[in-house]
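The values are calculated or read from the model by the stated rules, or taken from the named source; none is laboratory data. For clarity, every value in this text was computed on a predicted model and none was experimentally measured. Ideal geometry is used to build each Cβ from the backbone, glycine not excepted, and the neighbour counts take in all protein chains shown.
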Amino acid sequence: MTGSESTRQSKSKGPSKSATGTLIVLGIILVLGLVFTVTGADPLGLFADVATPTPTRLAVPPTSTPSSPTAGAAASTDSPWYEVGFVTPIRMTNAKKLDYSINGLPPEIMRGSLAEKLIGYIDGAKKTIHIASFETDLNDVANALIRAHRRGVDVRWITDDEFGIEADEKEGHGQFAMLQKAGIKVIDDQRGGLMHNKFWIFDSEVLWTGSTNVTINGMFEQNNNVIVIKSPELAAIYEKQFEEMWGGEFGARAPSLVAEQSLVVNGTPIKVLFSPEDKPIQYILPYVQNARRNIRFMTFVMTQPDLGNAILERIQNGVTVEGVFEAVGSDSQYSEMMKLHCAGGKMRRDGNPGFLHHKVMVIDNRIVITGSLNFSDSANTRNNENVIIIDNREIAQLYLDEFLRNWREANDLDPERFKCP
């Protein structure tokens, strides 16, 4: 800028009309930005793709201690009361996966992973490790459980008959046989419905749950989540469920104890649901129906019509709804995706070559719903599943960060293929 131009601008009586218009537009954007930050509302869709930092594989909440535990560290009294972890998917060849299943994971793959964290909890257990987990093909985890058993820890595993015990005969498996040979008790559900849980209880004090199967695919290739909560009271709820199944009460044979499954941990209200006895969807619906600002979800499947209708009603009443569906199956006639899309919800399909395996919903930036339950009738009324509902803004923000990461990687619905009536 020359001196004469500078002088001419300094003597101007006021901004031009175009400058005034620019200031007004900037002011409006600033106000909308503040509204989005505080409430999560985005009426003009300006901030749907706002970049946020990609979360690390293990996200730990801030604590008063100088540093948080590293991934793989055993549980200790210095740890925060909860930890949230997400899989950062990587691609492996089938040959590599087979090799890792049999011979173990190399340090560069294991470092910082959920598998490393899980093994840390196993190695830190002193009395009990009670597991209700769908399947496994990880020798590293099996060997850690054998170490725990040999030092006197009561290790017991409930798995599915078809995808657990029967699949153990397949190439790359055999981990349940390893456990049994070492003297660890393993049982399955011996029924048509799935034993689809993915929860672990350590020393009746620490609960590990979420969507993550203890497999190469689940812990390294798929989009998955884990939440670990340190609470003897919460662990007791899951221990009761574990002992019921261990005693043969699978499926509809198990009694519903939903009235005893609500508690407050460190000021955070938590509700636990088990299927099929509790029929969790009926308890999830009120949270959806009471949404006032936004609903965001990541789902492997959503075919349950009552849940779809409840979300639809919220869209029609001005609630922002954004969802990421696993691409496989989301275009079927049973999926709720098109119904929500055509009603004005913002729907995308997962871009990860592996499955998006989450079963997560975040409501009004504070309520987190997660666990093993797919949003389907079979999961709700037939399978053995667990759901945990947590009212905590800090935890919700961690899941929202994961949602935004998945949202950015996902694909908009092709308008030529997905046409609304």
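Say whether the condition of being in contact with a helix residue (DSSP H, G or I) (Cβ under 8 Å, 6 or more places away or on another chain), charged (D, E, K, R) and either surrounded by fewer than 22 Cβ atoms within 10 Å (Cβ to Cβ) or without any contact (Cβ under 8 Å) to a residue 40 or more places away in the chain (or both) is met by at least one residue in the stretch 250-266. Among the residues of the stretch 250-266, at least one is in contact with a helix residue (DSSP H, G or I) (Cβ under 8 Å, 6 or more places away or on another chain), charged (D, E, K, R) and either surrounded by fewer than 22 Cβ atoms within 10 Å (Cβ to Cβ) or without any contact (Cβ under 8 Å) to a residue 40 or more places away in the chain (or both), which makes the answer yes.
Out of VAL264, VAL186, one residue alone is β-branched (Val, Ile, Thr), modelled with pLDDT of 95 or more and either assigned by TED's automatic domain parsing to the domain that holds GLY85 or within 29 Å of LEU356 (Cβ to Cβ) (or both). It is VAL186.
Looking across the stretch 163-182, the residues that are surrounded by 15 or more Cβ atoms within 10 Å (Cβ to Cβ) and either of a type in the set (D, E, K, R) or within 12 Å of ALA142 (Cβ to Cβ) (or both) come down to ASP168, HIS173, GLY174, GLN175, PHE176, MET178, LEU179, ALA182. Would you check if PRO415 is free of Cβ contacts under 8 Å to residues at least 12 places away in the same chain and out of contact with any Asp or Glu (no Cβ under 9 Å at 6 or more places or on another chain)? So PRO415 fits the description; yes.
Residue by residue, here is whether (1) touching a helix residue (DSSP H, G or I) at 6+ places or on another chain (Cβ under 6 Å); (2) surrounded by 24 or more Cβ atoms within 10 Å (Cβ to Cβ); (3) not in a loop (DSSP other than H, G, I, E, B) holds:
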| position | (1), (2), (3) |
| --- | --- |
| GLU313 | no, no, yes |
| ALA327 | no, no, no |
| TYR334 | no, no, no |
| GLY354 | yes, no, no |
| ALA379 | no, yes, yes |
| ILE388 | no, yes, yes |
| TYR399 | no, yes, yes |
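Scanning the stretch 283-308 for residues that are part of a helix (DSSP H, G or I) and within 28 Å of GLN222 (Cα to Cα) yields TYR283, ILE284, LEU285, TYR287, VAL288, PRO305, ASP306, LEU307, GLY308.
Reported count of residues in the stretch 151-183, each being of a type outside the set (D, E, K, R) and in a helix (DSSP H, G or I), is 10. Taking the stretch 211-238 as the range and being touching a Gly at 6+ places or on another chain (Cβ under 8 Å) and within 16 Å of ILE158 (Cα to Cα) as the test, only THR212 passes. One residue stands out among those in the stretch 267-302 that are crowded, with 22+ Cβ neighbours inside 10 Å and aromatic (Phe, Trp, Tyr): the one that is farthest from ASP161 (Cα to Cα), which is PHE297.
Select, from ASP391, ASP364, the only residue that is out of contact with any Cys (no Cβ under 6 Å at 6 or more places or on another chain), modelled with pLDDT of 95 or more and under 16 Å from ILE229 (Cβ atoms).
Answer to the check: ASP391.
It is to be established whether one or more residues within the stretch 130-150 are polar (S, T, N, Q), surrounded by fewer than 22 Cβ atoms within 10 Å (Cβ to Cβ) and part of a helix (DSSP H, G or I). Among the residues of the stretch 130-150, at least one is polar (S, T, N, Q), surrounded by fewer than 22 Cβ atoms within 10 Å (Cβ to Cβ) and part of a helix (DSSP H, G or I), which makes the answer yes.
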